[in-house]
Each structure stands twice: as C-alpha cells, then as structure tokens.
Amino acid sequence: QVQLVESGGGLVQAGGSLRLSCAASGFTLDYYAIGWFRQAPGKEREGVSCISSSDGNTYYTDSVKGRFTISRDKAKNTVYLQMSSLKPDDTAVYYCATGSGPQCESHRDWDGTLERVYFGVWGQGTQVTVSS
C-alpha cells in the first residue's frame, strides 16, 4: 500500500507565501522524481515543478520560476513546494506525484513540460486560493 498526502494549502493574499508538503507512506521517495501539478477550474492539470532523486536537479514551469522552490527531506520522506509572491493565477488544487524513475528529465514531453501520464502515484490534492 503506497500513498502520498499533500498538505499546507490555504487562503492567502496576493504577494503572500505558502509551503506545501508531500509526505509518502508505504514506500521511500528517494528513488523517484517527484512532481507538483496544479489544476484550476476549467483548466487542464499543469506541471509546476519536479525534483530528481538521482542528482537533485529541479524543474519549474516558466510561470513560477523565481517564485517557487521545490526541495526534498529524505529523513522525513517528504517533498516540499515553497511558494512565494503568490498571484491570483496560482489559485488551483495542487497535487504531488511520483515519477516512474529518478530523473525529471525523463518525465518531460517533447515541448519540455512535465507530462502527467509519466507519473504514477498521486496524492489527493490540496487547495491553494490566492485573493487579489
């Protein structure tokens, strides 16, 4: 039985910060690339960030570069997404997911974006709402 649980979402004012957590049980995250995705109402699920297990390399979609930081705490079997300078456009349900291998590069589509079909175990999501 494997499971991912996201937490840390909430309501913040534009310009504020939140830290999302993705905690694993039943398996060790160390082996996997871990991705963060988000889905806003009426929009498709979008890849936001990824962290590799092999070398720690990270990926961010252009819209969050310089504002979001992904990190991994191996001792806690948890991956974090620190979000700063939040904008109303960041409002969405945020999901974490395990990749099929250790490298984020292997989980990117032809256009360089994260491809959700390459990710296996998904969390239940946590709501992030940014007010203007």
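No value in this document is a laboratory result; all are computed from the given coordinates. Nothing here was measured: the structure is a model prediction, and the numbers come from that model. Note that each Cβ is placed from the backbone with ideal geometry, even for glycine, and that neighbours are counted across all protein chains shown.
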Percentage relative contact order, the chain, counting C-alpha pairs under 8 Å, at least six apart: 35 percent
Identify which of Trp36, Trp110, Trp122 has the largest mean-square fluctuation in a Gaussian network model of the chain, with springs joining Cα atoms closer than 10 Å. Trp110
Averaging sequence separations of C-alpha pairs under 8 Å and six or more residues apart, then dividing by the length of segment 49-93, give the relative contact order as a whole percent. 26 percent
Per DSSP loop assignment and a cutoff of at most 10 other beta carbons within 10 Å, the chain keeps its longest run without exposed trypsin sites (Lys or Arg not before Pro) at 66-132
Is segment 32-83 rounded, prolate or oblate when judged by the Cα gyration tensor, a ≥ b ≥ c being the square roots of its eigenvalues, rounded requiring a/c under 1.5 and prolate requiring a/b larger than b/c? prolate
Charges at C-beta only: +1 for Lys and Arg, -1 for Asp and Glu. How large is the resulting dipole of segment 1-108 about its Cα centre, in Debye rounded to 20? 160 debye
